[in-house]
Amino acid sequence: MKIKKIISSLFLASMALFSFNACSDVPAPYDIPGTGDNSSIYGEGTMQNPYSVKGAMLNQNGKLGWVKAYIVGYIPSGGDVSSTISDVVFGAEGAGETNMVVSVSPDDKNINNCLAVQLPAGEIRDSLNLKGHPQNLYQEVMLLGTMEKYFGGSGIKNVQAYIMNGDTIGDIPAEEVKAIFSETFASGQGEFTVKNVTVPAEMGAEVWTWDSYKYMKATSFVNYTDYAAESWLISPEVDLSNATNATLTFEYVARYFTNLPENITLWITESNVENWQQLTIPNHVLQDAWTPFAKSGDIDLNAYKGKKVKIGFKYNCTEKAGTYELKNISIEDRAAGETPEEPETPTENESSKENPFTVATAISKYNASKPLADTWVKGYIVGYVNGKSIDGSILNDLSGITDDNKTNLLIADSKTETDYKNCLVLQLPSGDVRNALNLKDNPSNLGKEVIVKGSLEKYFGTYGLKSITEYVLDGQSSGGTEEPSGDAILEESFNNTFGNFTPVSVSGAQEWKTDSYGYVSMSAYSNGVSLENEDWLVSPAVDLSKEHTLTFEHAMGPKNQDLSNAPEQYTVWVSTDYNGDVTTATWTQVNITYPATSGWTFETVTTKLPAVGANAYFAFKYKNAENANTITWEIKNLSVK
């Protein structure tokens, strides 16, 4: 028996030694990558000490960071190709433009040591992709991007800068300040906790929830009902013991509150003794759209230096339940600014029809995160963008133009411009603007001077002018979509609600649904299969004893889908005998316009509802056959005048 015990002990000891040696390259359970002694192995994600490939893999948290690695290949993509990191091609032959793969060394071909890298449109993609620059293969590169999954594996997305062979390309933050604490909510709630003070049981839902769109959301508006509720989102303990300064910032969207300063408040307490004190948020305003997120401005926490604290966001609504979205909370070791950061509001717009911006001025005013509405720009029509990327710009050549190219234009300050980077991309909405300006139907417009009014914002990943409502061409003025006169008899934004509209499912399990991004949608696509469905979205009763104008915005996605059958599958109808059963009512179709190409860009539709009677209904009808080409139909901002 004693011999058995000795042998058993020796066996266990040898197994323990084997296990220790086999796992010697795995970080100890208490080591956090990027901190302590491990920083020499994994890096810290800073320019001075970038992540290694392994460090990036261990920090897939959606945060911005630097990574040093070697370019070794790419992942096939585009068209019907569905790839993962396992499909990596080591080399440059056959590479596309939208991604590349980096590894720990130039000759390493172990996919477990690889990161997939997303190359965004613009100068990063133009100069780094292996299709156009096969000489970049095996080069060492430092990349600044967000650490998040791509092609099903560890990756780097939203690359905004890189350093290679001594050259720096892209936008590098002016100063890197190490955060004492940060939480983006990119992958979950993190270590924050929710404390419900008053949440009615009949509400049947939590106030604070994590959203897959990478933020925390608070609302007590559930099933079209406003509930009175108080609920807190509380941070983990934050140690300010060694802080020289402490400044808190965050980003938010606030909508539908009646009294925001009382409905959403910010608090702080020392963690050892709960004594909550309210903090002032410098920039805290209601928004009229879900994007972009506003910035809080600098919140001075220096009164709590040397202490351990917790931060609390308090949601408190009574009569009207607003919605609050929160992300990118950061406490940094720096002094708060002397003046608070300005909220995300458009830059001053001094353009006018009589004094429009030049293209160069418009480009200088462009801010990707701050659309500049009602901007007038003057330039020469010089071409169009072919395909999905600005790289497909075609200047002063209409030989290959097709109907797919009717939706945009390029304008420049010179009619002989040859560089698309000196051009502004115009989005042409359906209707008068597109009909009059597009180069497919109006080739003689090439080289003409045009003045246009729209929103200066990102389009094709670069500076563009969208939602054009007016133009001047050949001395003649016109507009985009004619504004109907008179007061609206029905308005519905469909902002996370059906309002007074009624969804009706005739066949299929899929139904019309609301979305917090401000629209309603219907799709017959589920679990990778196109299913048979017929679904209606029926209006409340409206008085159509005389003709009225129906206006709404819609999008049909995803991209690169066939819309030739849209007039038969995604339609609008009116009825005077609808009584709750769409199958027995008599319906008359109303003609509407459809996007020239599929995608997620909303376009405005304006059509006439005929004079059919004082007690009428109109409806959106979605119909799809099994295994047919499937489109997701999104609708918002409807009015009848």
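The values are calculated or read from the model by the stated rules, or taken from the named source; none is laboratory data. Being a predicted model, the structure only gives us computed values, none of them experimental. Methodologically, a virtual Cβ is constructed for each residue, glycine included, from the backbone with ideal geometry; neighbour enumeration extends over all protein chains shown.
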Scanning the range 104-130 for residues that are part of a strand (DSSP E or B) and crowded, with 23+ Cβ neighbours inside 10 Å, which turns out farthest from the chain's Cα centre (by Cα)? L115
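Taking the range 249-280 only, how many residues are assigned to a loop (DSSP other than H, G, I, E, B) and of a type outside the set (D, E, K, R)? Spell out how you get there, then give the answer.
Applying the first criterion (assigned to a loop (DSSP other than H, G, I, E, B)) to the range 249-280 yields 256-259, 271-276, 280.
From what is left, the residues that are of a type outside the set (D, E, K, R) are 256-259, 271-273, 275-276, 280.
Summing the residues that are assigned to a loop (DSSP other than H, G, I, E, B) and of a type outside the set (D, E, K, R) in the range 249-280 gives 10.
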Is it true that K149 is at pLDDT 95 or above and among the charged types (D, E, K, R)? no
Does the range 239-248 contain at least one residue that is assigned to a strand (DSSP E or B), in contact with a helix residue (DSSP H, G or I) (Cβ under 8 Å, 6 or more places away or on another chain), aliphatic (A, V, I, L, M) and at pLDDT below 95? no
Step by step: first the residues of the range 191-212, then only those that are free of Cβ contacts under 8 Å to residues at least 12 places away in the same chain and outside any strand (DSSP E or B), then the one that is surrounded by the most Cβ atoms within 10 Å (Cβ to Cβ). Which residue is that? S212
Inspect all residues belonging to the range 141-162 and state whether any of them is aliphatic (A, V, I, L, M), in a loop (DSSP other than H, G, I, E, B) and surrounded by 13 or more Cβ atoms within 10 Å (Cβ to Cβ). no
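For the range 501-529, name all the residues that are part of a strand (DSSP E or B) and over 20 Å from L638 (Cα atoms).
S505, V506, S507, Y525, S526, V529
Based on what the data block shows, is T416 surrounded by fewer than 16 Cβ atoms within 10 Å (Cβ to Cβ), at pLDDT below 90 and more than 24 Å from the chain's Cα centre (by Cα)? If you could, list the steps in order and put the result at the bottom.
On the way: surrounded by fewer than 16 Cβ atoms within 10 Å (Cβ to Cβ): yes; at pLDDT below 90: yes; more than 24 Å from the chain's Cα centre (by Cα): yes.
When the stated conditions are applied, T416 passes them.
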In the list L398, L446, L428, which residue meets the criterion of being in contact (Cβ under 8 Å) with a residue 12 or more places away in the chain and closer than 26 Å to S352 by Cβ? L428
Long-range neighbours under 6 Å by Cβ, at least six apart or interchain, first residue closer than 19 Å to E237 by Cβ within the range 271-289, second of a type outside the set (S, T, N, Q) and in a loop (DSSP other than H, G, I, E, B): S271/E237
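So, in the range 567-616, of the ones that are among the small types (G, A, S) and crowded, with 17+ Cβ neighbours inside 10 Å, which residue ends up modelled with the lowest pLDDT?
Here the residue is A596.
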When the range 94-103 is checked residue by residue, the ones that are modelled with pLDDT under 95 and more than 22 Å from the chain's Cα centre (by Cα) are G94, A95, G96
Matching residues in the range 598-610 - criterion: being closer than 17 Å to H548 by Cα, assigned to a strand (DSSP E or B) and not hydroxyl-bearing (S, T, Y): V605, K608, L609
Would you be able to tell me the number of residues in the range 611-641 that are more than 17 Å from V538 (Cβ to Cβ), part of a loop (DSSP other than H, G, I, E, B) and of a type outside the set (S, T, Y)? 8
Could you figure out which of (1) within 29 Å of A335 (Cβ to Cβ); (2) within 27 Å of the chain's Cα centre (by Cα) isn't true of T244? (2)
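Filter the range 38-74 down to residues that are in a loop (DSSP other than H, G, I, E, B) and of a type in the set (S, T, N, Q) and give me whichever is modelled with the lowest pLDDT. Break it down into steps so the answer makes sense when it comes.
Looking only at the range 38-74, we keep the residues that are in a loop (DSSP other than H, G, I, E, B), and these are 43-50, 52, 58-63.
This time we only want the ones that are of a type in the set (S, T, N, Q), so: 46, 48-49, 52, 59-61.
On the way: T46: 86, Q48: 80, N49: 86, S52: 94, N59: 89, Q60: 89, N61: 84.
Per the stated criteria, the residue is Q48.
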